[in-house]
């Protein structure tokens with residue numbers, strides 16, 4: 001059964017990790033914990049029943065409540081489609097432009113790709129000293145592919 005937990009906006013991934021760890025530690029029948037970027041203030045928990053989700057979330061900070069209505073897979077389809085990771089198209093050696101954050105407008109060369117966290121480690125090309133900077137993959141735009149599209 002899929003259930004939604006209301007959480008503090010911006011804390012979705014942290015709470016999802018905490019619920020996963022608590023369920024694993026207490027050996028609770030929680031099958032999946034989902035936090036979508038385009039679903040602010042909620043996380044989805046797949047568990048055996050309402051009581052299991054209550055036990056897994058009890059005492060954790062930033063939890064605002066459990067929705068009583070069960071969620072169907074059909075309702076989740078648009079969120080799953082919209083959350084396809086952008087980092088899959090970016091590889092080591094590519095040249096990107098940063099379109100958000102403190103380095104907005106800068107060009108950089110990708111030196112490392114972390115697909116699980118959807119983060120890139122880049123070196124700014126116009127900087128006097130090459131300093132590695134880690135940024136989110138959704139704040140970049142691909143400018144130029146590397147000659148030999150090398151994987152890490």
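The values are calculated or read from the model by the stated rules, or taken from the named source; none is laboratory data. Remember, predicted model here, so these are calculated numbers, not experimental data. Backbone-built Cβ (ideal geometry, glycine too); neighbour counts: all protein chains shown.
To keep it simple, each residue is scored yes or no on (1) at pLDDT below 90; (2) under 16 Å from residue 138 (Cα atoms).
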| position | (1), (2) |
| --- | --- |
| 21 | no, no |
| 28 | no, no |
| 38 | yes, yes |
| 41 | no, no |
| 53 | no, no |
| 84 | yes, yes |
| 91 | no, yes |
| 101 | yes, yes |
Exception for residue 37 within (1) without any contact (Cβ under 8 Å) to a residue 60 or more places away in the chain; (2) outside any helix (DSSP H, G or I) falls at (1)
When (1) closer than 28 Å to residue 15 by Cβ; (2) in contact with a strand residue (DSSP E or B) (Cβ under 9 Å, 6 or more places away or on another chain); (3) without any contact (Cβ under 8 Å) to a residue 40 or more places away in the chain; (4) exposed (fewer than 14 other Cβ atoms within 10 Å of the Cβ) are applied to residue 74, the one that fails is (2)
Scanning the range 40-55 for residues that are closer than 27 Å to residue 81 by Cβ and without any contact (Cβ under 8 Å) to a residue 40 or more places away in the chain gives 40, 41, 42, 43
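I'd like the full set of residues that are assigned to a loop (DSSP other than H, G, I, E, B) and either under 21 Å from the mean Cα position of the chain (by Cα) or modelled with pLDDT of 95 or more (or both), limited to the range 62-82. Steps first, answer last, please.
So in the range 62-82, the residues assigned to a loop (DSSP other than H, G, I, E, B) come out as 62, 67-70, 72.
If the condition is that a residue be assigned to a loop (DSSP other than H, G, I, E, B) and either under 21 Å from the mean Cα position of the chain (by Cα) or modelled with pLDDT of 95 or more (or both), then 62 is the only one that fits.
Give the number of residues within the range 116-133 that are touching a helix residue (DSSP H, G or I) at 6+ places or on another chain (Cβ under 7 Å) and either within 15 Å of residue 101 (Cα to Cα) or loosely packed, with under 12 Cβ neighbours inside 10 Å (or both).
Number satisfying all stated conditions: 2.
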Restricted to the range 40-61 and to residues being under 21 Å from residue 116 (Cα atoms) and outside any loop (DSSP other than H, G, I, E, B), the residue nearest to the chain's Cα centre (by Cα) is 43
Check your understanding: outside the structural domain of residue 117 (by TED's automatic domain parsing), surrounded by 14 or more Cβ atoms within 10 Å (Cβ to Cβ) and in a loop (DSSP other than H, G, I, E, B), is that true of residue 28?
Key -> yes
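Does residue 117 satisfy being under 16 Å from the mean Cα position of the chain (by Cα) and either in a loop (DSSP other than H, G, I, E, B) or in the same structural domain as residue 8 (by TED's automatic domain parsing) (or both)? Give the steps one after another, and end with the answer.
Values: under 16 Å from the mean Cα position of the chain (by Cα): yes; either in a loop (DSSP other than H, G, I, E, B) or in the same structural domain as residue 8 (by TED's automatic domain parsing) (or both): yes.
Considered against the rule, which asks whether it is under 16 Å from the mean Cα position of the chain (by Cα) and either in a loop (DSSP other than H, G, I, E, B) or in the same structural domain as residue 8 (by TED's automatic domain parsing) (or both), residue 117 comes out as yes.
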